[in-house]
1. Would you mind finding the one in ASP159, ASP147, ASP139 that is open to solvent by 30 Å² or more (accessible area, probe 1.4 Å), free of Cβ contacts under 8 Å to residues at least 60 places away in the same chain and within 15 Å of the ligand (Cβ to nearest atom)?
2. Look through the range 48-74, keep the residues that are open to solvent by less than 20 Å² (accessible area, probe 1.4 Å) and of a type in the set (S, T, N, Q), and return whichever of them is nearest to PHE218 (Cα to Cα).
3. Which of the residues belonging to the range 291-305 are closer than 9 Å to PRO95 by Cα and open to solvent by less than 20 Å² (accessible area, probe 1.4 Å)?
4. If I go through the range 162-184 residue by residue, how many of them are more than 10 Å from the ligand (Cβ to nearest atom) and in a loop (DSSP other than H, G, I, E, B)?
5. Mind checking which residues of the range 106-136 are surrounded by fewer than 23 Cβ atoms within 10 Å (Cβ to Cβ) and of a type in the set (A, V, I, L, M, F, W, C)?
6. Report whether or not GLY187 is within 13 Å of the ligand (Cβ to nearest atom), in contact with a Pro (Cβ under 7 Å, 6 or more places away or on another chain) and either assigned by TED's automatic domain parsing to the domain that holds TYR346 or in a loop (DSSP other than H, G, I, E, B) (or both).
7. Considering the range 417-458 alone, what residues qualify as being β-branched (Val, Ile, Thr) and in a loop (DSSP other than H, G, I, E, B)?
8. Looking at the range 197-220 only, could you name the residues that are open to solvent by 10 Å² or more (accessible area, probe 1.4 Å) and assigned to a helix (DSSP H, G or I)?
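The values are calculated or read from the model by the stated rules, or taken from the named source; none is laboratory data. Being a predicted model, the structure only gives us computed values, none of them experimental. Don't worry about glycine lacking a Cβ; one is built from the backbone with ideal geometry, like all the others, and counts go over all protein chains shown. Ligands, DNA and RNA are excluded from the accessible area calculation, which covers all protein heavy atoms including side chains. Shrake-Rupley method; radii C 1.70, N 1.55, O 1.52, S 1.80 Å.
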Amino acid sequence: MKTIIEPFKIKSVEPIKFTTPEERESILLEAGYNPFLIRAEDVLIDLLTDSGTSAMSAKQWSGIMDGDESYAGARSFFRFEKVAKEITGFRHIIPTHQGRAAERILFGILGGKGKYFPNNTHFDTTRANVEFSGGQALDFLTAVGKDTSAIADFKGNMDIEALERFIAEKGRENIPLIMITVTNNAGGGQPVSMENIRQTKEVASRYGIPLSLDACRFAENAFFIKKREKGYQNKTAKEIAQEMFSYADGCTMSAKKDAFVNMGGFLALNDEKLAMIARNMLVVTEGFPTYGGLAGRDLEAMAQGLEEILDENYLTYRIRSIEYLGEKLTEVGVPILQPPGGHAIYLDAKRFIPHIPPHQFPGQAIVCELYKVGGIRSVEIGSVMFGKTDKISGKFNSSAMELVRLAIPRRVYTQSHIDYVIEVVSEVYRNRSHLRGYQIIFEAPLLRHFTARFEPIV
Ligand SMILES: *Cc1c(COP(=O)(O)O)cnc(C)c1O
């Protein structure tokens, strides 16, 4: 086997800025120890997110020039609609400016007080949109999915039995929709098997509840199925993706992930009536149904990106490069969520620095240190993001996992960038006994991790 190489050459480059550890120390202080508040130009390797950070292809850029900017019925819309229909098979494709806009519309219609939305694991914006509607967002991840050190093929799977018990208990009339997130972003970018999607669909059908995919990383999920699930080795990633979508009644999509665009998304539905209501809401908050919240050029780039993402040379490189980072960190003993997921490596902060308790945000401590030591920006996915202090009892409820996500932007960094990341994480790990916890000194009522400010505990 030869080295799996980047399946592209570089036509256009963007310099990155080097800073000293002393400079980074004061930058962090100024940003309230929250990397979301650091200027991007002060970051050397930006692993904050894989969302909207992809490098577009030459064909996508030429599509930008070729976009049809007509208000209604633009050619770019029809090209996008054709590609999206071809992959998903859904009847109604409704463009939105990003994934959460699709969620806002979907839960704006189906949500509300007393409504429950089961998912394998809700992503933070999905949960926020469900809760904003008055509904409740519930996660039904299998037990193995919650065990950060267990090695299993499909740790994103839904716990079907728990789901069915829940439906029987709450009543199907209170559950407007079941969702599956592929791959499971908040749960470590772990894939969901075709069998699990099929079984979830069976349960959903039995109770007459529609199933929707949170499809942000559908291509990465499809490729894991090809690699790991019996019977799929000889199918193309596209055929597998099509089968995944065939079990669902609709999807929400952030094209900022598996469509290589900097901005874009869509809502897809089979139900005629629901689609009509969704389009009405789209006009109010996003735009006319043939552009949603996007320009014609964005639709053109999204159509092209959706075609490129299913290229198996790309997917081979993509999945391997994440696995490579995971393997090297594991070799030096760094505890990570195993096995490596599709878009990111998640450091397990609980095992990385067991001396810092959840209420002192161990993930945040690692995030700050990675920036200080190497100018690397990562993000905490733990008690900063999901922890809650009970207003009445004052009791702190921590997140089930304390993770630090190193998300890898698509087609942006080369192997030597990744090798540098491995060196920095290894160094932080060697010196981990010096790390200290943090406390929050400011937080917003919703999605606090974006704007919270912290202080190191002395
Ligand atoms: C990114 C993401 C979303 C939200 O999409 P945006 O484009 O960021 O609004 C929803 N679900 C999952 C799983 C995601 O990764």
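1. ASP139
2. Taking the candidates together, the pick is SER54.
3. Let us first name the residues in the range 291-305 that are closer than 9 Å to PRO95 by Cα, namely 291-294, 299.
Passing the criteria: GLY292, LEU294, LEU299.
4. So the count comes out to 4.
5. ILE109, LEU110, ALA128, PHE132
6. no
7. The answer is THR451, ILE457, VAL458.
8. ARG198, GLN199, LYS201, GLU202, SER205, ARG206
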